[in-house]
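This report refers to the structure that appears directly beneath it.
No value in this document is a laboratory result; all are computed from the given coordinates. What you are looking at is a predicted structure, and each value in this text was computed from that prediction instead of being measured. We place every Cβ from the backbone using ideal geometry, glycine too, and count neighbours over all the protein chains shown.
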Amino acid sequence: MNEFITYNNIEDLDSESKYLIHKAKEATAHSYSPYSKFCVGSAIILEDGTVITGSNQENASYPLCMCAERVALYAVASQFPGKRIIKMAVVAHKKNHKELAPGSSCGACRQVMLEFEQRQHNPIEVIMLGPGEKWVKCSSARSLLPFGFDGKVLH
Ligand code: THU
């Protein structure tokens, strides 16, 4: 399987991916981003079809800001423990702008995705709007973070 597939047009994505992008867009409405004014939304689909969303949550103490991806992932872990994640979509736009901005998941979120993937022994597909207005579908978190930190070294 290809690690990354790019699409020039959202219409070329499969219907589940398009639906997740739509839910991620909706989730940006709940972004609390008065500092960066960059609204991020994420949507995750579980093995049973449940969709969980998240949005970035900022704080005046800047390092406490939390990315949309981790808000959604931790919601899954705490509300749907043991349910496998199939796919997640992430979108972003500037405050008061309708059109989506390219927004690639940060390294911290990739590290967290990686551990979720390892815990469930199954890859998580990730969809993002990459540079040049191209949608990118990644086959796994591992493909997004080669050589990520592996907690096994702690044992
Ligand atoms: N942000 C996310 O929500 N996800 C990412 O992967 C990158 C950045 C948020 C954090 C902060 O609220 C804003 O975008 C600007 O960095």
TODO: May I ask you to sort SER42, SER33 by Cβ crowding, counting other Cβ atoms within 10 Å and putting the fewest first?
DONE: SER33, SER42
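Counting other Cβ atoms within 10 Å of each Cβ, which trypsin sites (Lys or Arg not before Pro) in region 111-155 have at most 14 and sit in a DSSP loop? Could you put the intermediate results ahead of the total?
Working: sites: ARG119, LYS134, LYS137, ARG142, LYS152; in loops: LYS134.
Hits after loop and neighbour filter: LYS134.
For MET88, MET113, MET66, which order do you get if you count the other beta carbons within 10 Å of each Cβ and list the fewest first?
MET66, MET113, MET88
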Task: Hz values of 3J(HN,Hα) by residue in region 2-13 - Karplus curve (6.51, -1.76, 1.60), Gly and Pro given as x - done: 5, 6, 9, 10, 10, 10, 6, 10, 4, 5, 7, 6
Task: Cleavage-rule hits (GluC sites (Glu not before Pro)) in region 52-121: DSSP loop, at most 12 neighbouring Cβ within 10 angstrom - done: GLU99
Task: Amide H contacts of LYS134 (H built 1.01 Å from N, under 5 Å, at least 5 apart or other chain) - done: none
Open item on the list: If amide hydrogens are placed 1.01 Å from N in the peptide plane, which non-local residues have theirs closer than 5 Å to the one on CYS65?
Closed with: ASN59
- [ ] Go ahead and estimate [θ] at 222 nm for the chain from helices alone: -39,500 (n - 2.57) per DSSP H run with n ≥ 4, summed, over the residue count, rounded to 500.
- [x] -8500 deg cm²/dmol
TODO: Report the net charge of residues surrounding GLU3, where surrounding means a beta-carbon distance below 10 angstrom and charges are Lys +1, Arg +1, Asp -1, Glu -1.
DONE: +2
TODO: Tell me which residues come under 5 Å, amide H to amide H, from ARG84 once H is placed; ignore anything under 5 positions away on its chain.
DONE: GLU47
Task: Loop sites in region 1-66: chymotrypsin sites (Phe, Trp or Tyr not before Pro), DSSP, at most 14 other Cβ within 10 Å - done: TYR35
TODO: Return a whole-number percent for the relative contact order of the chain, with Cα pairs under 8 Å and 6 or more residues apart as the contact set.
DONE: 23 percent
